[in-house]
Structures are given as structure tokens and as C-alpha cells.
Amino acid sequence: MSKLRKLNTGRRKFIQDSAALGGAAALAGWVPSMALAQGTGKIKVGLMLPYTGTYGQIGLVITNAFKLAIEENGGKLGGRDIEYATVDDESDPAKGADNANRLVNRDKVDVLVGTVHSGVQMGIQKIARESGVLTIIPNAGVAAATTELCAPNIFRTSFANGQTTYPMGQVVAKKGHKNVVTLSWRYAAGEEMIGGFKDSFTKGGGKILKELWLPFPNVEFQALLTEIASLKPDAVFVFFAGGGAAKFLKDYQAAGLKGKIPLYGSGFLTDGVLEAVGDAAEGVETTLHYGDGIETPKNKAFRLAYAKAFKLQPDVYAMQGYDAGLLLIAGLKAVKGDITKKKEIIAAMEKVEIDSPRGKWRMSAAHNPVQDFYLRKVVGQENKVVGVAMKALDYPPASMCKMPR
Ligand code: PHB
């Protein structure tokens, strides 16, 4: 059994392995930093992600794919071995700063990779800005991370929340839908996702009939679905992700709304959930910076390698975790593994073109991907790419970041 496969033989086993790695890392904590400066020690990567709760599967998938990228690079960064310290952040914003602080100041990680939830990201952002630790965000889309709280040491390989939904507002308006009800969890990600949609949808002549909200991670959708049925909008636009997205798709169908009121979303609604929802997602259209069927050699190779290693189909989260690995590999290659050369690492990460399964992309001046957004439609078990909804989208614009230097 390969090392990667072993890590994925079950959630519990995975967490045990991670704990063991963390324990070994703690024992190795006495290694003098001189050894690291000379480039002989291991590079310590902190993974702060959710491994439980509604985003638990997302954290696991990001971890798998990040490690896959590293394994494909000979298991090394800039020629040096790696050790991991792993924390389950539980998607709990109240513990965000403490968890990040533990990894940075107690475990002394060289690089911090995290996280999924925008609220937790704000805790990471604080510690990353205070400590200057090299940080890669593999999912959380909170706008502040690459606008007013941007920093030279913080990079994102995923998206800004509104960036994923801005293209869909234009699509829905062009379809001629006039009155739309929106529904989401009320926290930074939900508010920004709905905000991006609303921005382009209203510019295109559409009207938001009503905004409906529920607290994260509540999945009691019944009363809201009843309200939607009585409001009779032309269409419904939602942001949900992970376990919550799967439950919503099933409930929408069970409430008799599927096929009656067209349902749209950011692509997170249908990514990573298709096996779990049967035909409840069939025909749903979304926009996202990834689609299963992107016909490039890079995407095909990635999908094959991921499926072989983990016996699962990859999704957008896997792609973002993989790209976090590719970005870090590029940064450390430029300094031959000398993690102390932070300026050179940052410069390399700023200018590299990532040859990603999503298509080639680069960082904006705010350290957020400038990338194409695909219009996708669920056909069977696939988020099929129908076309490109917007090309090279930089939203919110990088000019909103005054990068401190
Ligand atoms: C977020 O909280 O930023 C978030 C979480 C899950 C997603 C997208 C964004 O799929």
C-alpha cells in the first residue's frame, strides 16, 4: 500500500496518523534553528483544516491533494524532507486564532496551510500577519484576506468568495430571470457569495425578491423551502457547501421544488457531493473555477493520480489543495529549500505560473488567483463544463489591497 493510500484508509486512521506525525514533530522540536538555516533540517508544514463537521470531508480532500503534489515532487520541498503538524480546526471561528497560534508559536511550523471556513481564516490571518509565517489559503474565500488585510506572506490558491458568484449573476440575468430569492448560511462566506451574485445580477436588470438566511452550520431547511414555494420566484440562488450542500439538494427535491423553480449556485453546491445526492443535483447550473471534465492533459493526469491514490474522484477542493502544494514547491525550489530566504520565496510565488488542473493561472498583486470561471451543469455524476462564464476575473479587484512591503 502506498504511503498516501495508507493515510486515507479512513477518517479515524487518518487523524491517528496525523497525531502521530504531530507527536514526532513535537519530539523533534529541540532541533536547533541553525540546522534549519543551514538547510539540513526538515521543513515543517502546519495543516490547519476542518476534519470533522459539515466541512470535514473538504479538509480531508485538501490534505490528500496537497500531499499528492508533494509526493509527485519526490516527497520533498526544495530538496528537503517535510514533516507535518495537523490540527482539526472544526470550522470553529472562536478557536481560529488559538489554533493558528499553537502551530506557529508552539510547534514552530515554517509554513501554515489553512483553511476552509472564512470565519476561521480571520484567526489565521491575524496570527499570519503578526508572525510573518508563510501562509497558503487552500480554500477560505473571505475577501479581507486579499483586500484590506492582505500581506506579503499570505497567498491564496482558491478564490475570493464573491469571485465565484459574480459570473453566475450575469448568467442568471441573461437567462431572463427577473425575481430571484437567495438563501445561504449567514457568515462571511455566505454574505460575500450572495453579495457577488447580487452585484452582477442587479447590474443585469434582475431584482432580489428576498434574501433568506440561516446560521452556519444549520441544515433545517424546511421552513425556508416552504417560504420559497409561497414567494414563487423565477429562480433560487444559494450558497451551501460540503455536507450542508448535499442535504440542501436532497431537501429541495423532496419539497417538490426541483423542476418547478430553477436552482442556481456557486459551484460549491454541486462539488464533492454528487455521489451522495443521487439525481437531486441533475441539471443544476453553477459557476466555478473548476469543472470535472476540463479536457487538458494536466487535468486528466491529476484526476487519474488522485483517483488511484485515494479511490475517490477529485473535486474543486482537491484541485485547490494540489495547487497549494505546487505553489509551495515553486517557492522553495527558487531558494533550494532555504526557508530563511523569505523575500526570495515570496518573489518566486508571486511570479510563478501555476500549471493547474483548472488551467494555467497566476497570482494577482493581492495574492489571489486571477482565473477563468466556468459555467457548469450537472450531468450524471459530473460537473460538466458548458462554457467559460468570465475570463481572467480579478474580483474584488487587487487594487483594494495596499500591500505592505
Ligand atoms: C468559506 O467559508 O470561505 C467557504 C467554505 C466552503 C466553500 C467555500 C467557501 O465551499
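Tabulated data for the structure shown
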item	result
Ranked packing of 140-150, 216-226, 319-329, most packed first, by mean Cβ within 10 Å	319-329, 140-150, 216-226
For 120, 181, order by how many other beta-carbon atoms lie within 10 Å, fewest first	181, 120
Cα→Cβ-extended label distance, 7 Å offset, between residue 106 and residue 131, nm	1.1 nm
Helical contribution to [θ] at 222 nm, DSSP H n ≥ 4, -39,500 (n - 2.57), averaged over the chain, rounded to 500	-12500 deg cm²/dmol
Likely footprinting exposure, 91, 131, 399, fewest C-beta neighbours within 10 Å first	399, 131, 91
Degrees, to the nearest 10: 297-310 long Cα axis against longest axis of the chain	80 degrees
Ordering of 362-369, 378-385, 111-118 by burial proxy (mean other Cβ atoms within 10 Å per residue, highest first)	111-118, 362-369, 378-385
Rounded if a/c under 1.5, otherwise prolate or oblate - region 50-115, Cα gyration tensor axes	oblate
Greater than 24 Å apart at Cα, pairs in 175/247; 76/391; 298/377; 44/300; 126/333; 67/250	175/247; 76/391; 44/300; 126/333; 67/250
Whole-percent pair-distance distribution, where bins are 20 Å wide, for the alpha carbons of the chain	29, 58, 13, 0
Percent of alpha-carbon pairs separated by more than 22 Å within region 255-340	43 percent
Label point distance in nm, residue 275-residue 222, each placed 7 Å from Cα along Cα→Cβ	3.0 nm
Residue exposure sequence - 213, 361 - by fewest surrounding Cβ within 10 Å	213, 361
DSSP bridge pairs, the chain: antiparallel proportion in percent, nearest 5	35 percent
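Quick note: the coordinates plus some simple rules give every number you see, no bench work behind them. What you are looking at is a predicted structure, and each value in this text was computed from that prediction instead of being measured. All Cβ positions, even for glycine, are placed from backbone atoms using ideal geometry, and neighbour counts span all protein chains on display.
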